[in-house]
Amino acid sequence: MADPRIDVSIEHKNLPIEPQDGKVHPNTCPSCDSHYREDELEQNLRVCPQCGYHFPVRARARIEQLVDGGMFEEEAAELRSEDPLGFFDLRPYPERLAEAEVSTGLGDAMTIGRAAIEEQACELAVMDFAFMGGSMGSVVGEKLSRACEGAVERNVPLVTVTASGGARMQEGILSLMQLPKTVCAIEDLRDARCGFISVMTHPTTAGVLASFASLGDVMIAEPGALLAFTGPRVVQQTTREKLPDDFGLAESNLRFGHLDAIVKRSELRPFLGRVLRLFSNAE
């Protein structure tokens, strides 16, 4: 007999709004089909209380979850992507950028700044998948480089939280050049003996995984996050082989030694605080 599905919304008068055009309501858990009001999810850090599924988190919300109250000073907020290639698919690239900025309130897919987590100073860089799939273009590469420079200047560790589909195709080779650029920035950080903690969330794939996200001194991920250069569907179609059910997921990466730990969202802030204190005590 199948496990019973629990609809927690029956305890409340305010049921989720019925989906339109056949789309699933965004506050419906894709794992157990439980429904939640927005305030219920926010109170639980956007994690399903029934099955533990981790809903996506926007960059601003992630920063609020991690940093001490008010202890975040954003940097390089003025940077904006340009369109040097005059790229046009179904719509011009500048139009897509403007739409993403309006819908997210962000200048690009990464937000960086000075922060304190559990009273430990650090440089924080958080990606937002809602901004063009968290794709890495020239601005994301520049922001990551500036975050590394800021960490070196203040002699503090760097913490990154990634969520990305990879390089931004609208910037062509300029986007691909961000891979070596970010790798070199992390190398400069390491030469300065500043710690680097990489937190990977769903999904962290392609160019971001193949560059700075995989270079952390401490590598952690959220449960169930997809961490793979290419998604399982593409790999299966290419190899024509049956893949394991957990292919590319955080649990598989941990089993093969690619991660140091899988940390639940409710435990992420104290976990980062402990690691930051270890780096501080090592100086």
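The values are calculated or read from the model by the stated rules, or taken from the named source; none is laboratory data. The model shown is predicted, which means the values in this text are computed figures rather than measured ones. Glycine also receives a Cβ, built like all others from the backbone with ideal geometry; neighbour counts cover every protein chain displayed. Only protein heavy atoms, including side chains, enter the accessible area calculation; ligands, DNA and RNA are left aside. Shrake-Rupley method; radii C 1.70, N 1.55, O 1.52, S 1.80 Å.
Some values worked out for this structure:
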read-out	value
Accessible area in square angstrom per residue, the chain, 1.4 angstrom probe	52
Formal net charge of residues neighbouring Arg265 (Cβ-Cβ distance under 13 Å; K, R +1; D, E -1)	0
Three-way shape call for the stretch 174-221 based on the alpha-carbon gyration tensor, with the a/c threshold at 1.5	oblate
Whether the stretch 33-181 is rounded, prolate or oblate, judged on the alpha carbon gyration tensor where a/c under 1.5 counts as rounded	oblate
Using a Förster distance of 41 Å, the FRET efficiency for Met169-Ser31 (Cβ separation, nearest 0.05)	0.85
Kirkwood hydrodynamic radius of the chain, from inverse mean 1/r over distinct Cα pairs, in Å	19.9
Carbon/sulfur fraction of accessible area - the chain, other protein chains in place, 1.4 Å, %	54
For the chain, Cys with no neighbouring Cys Cβ under 4.7 Å	Cys122, Cys148, Cys184, Cys194
The chain: relative contact order as a whole-number percent, Cα under 8 Å and 6+ apart	13
Hydrodynamic radius of the stretch 119-265 per Kirkwood, over alpha carbon pairs, in Å	15.5
Taking the stretch 26-171 and dividing mean pair separation by its residue count, relative contact order in percent (alpha carbons under 8 Å, at least six apart)	21
Cut-off under 5 Å, modelled amide H: who pairs with Gly224 long-range	Ala250, Glu251
Sum of -39500 (n - 2.57) over DSSP H runs of 4+, divided by residues of the chain (222 nm, nearest 500)	-10000 deg cm²/dmol
Interchain or long-range residues, amide H under 5 Å from Ser164's placed H	Thr204, Thr205
Amide H contacts of Glu118 (H built 1.01 Å from N, under 5 Å, at least 5 apart or other chain)	Asp68
Backbone N under 13 Å from the Glu99 label point (7 Å along Cα→Cβ), restricted to the stretch 118-152	131-133
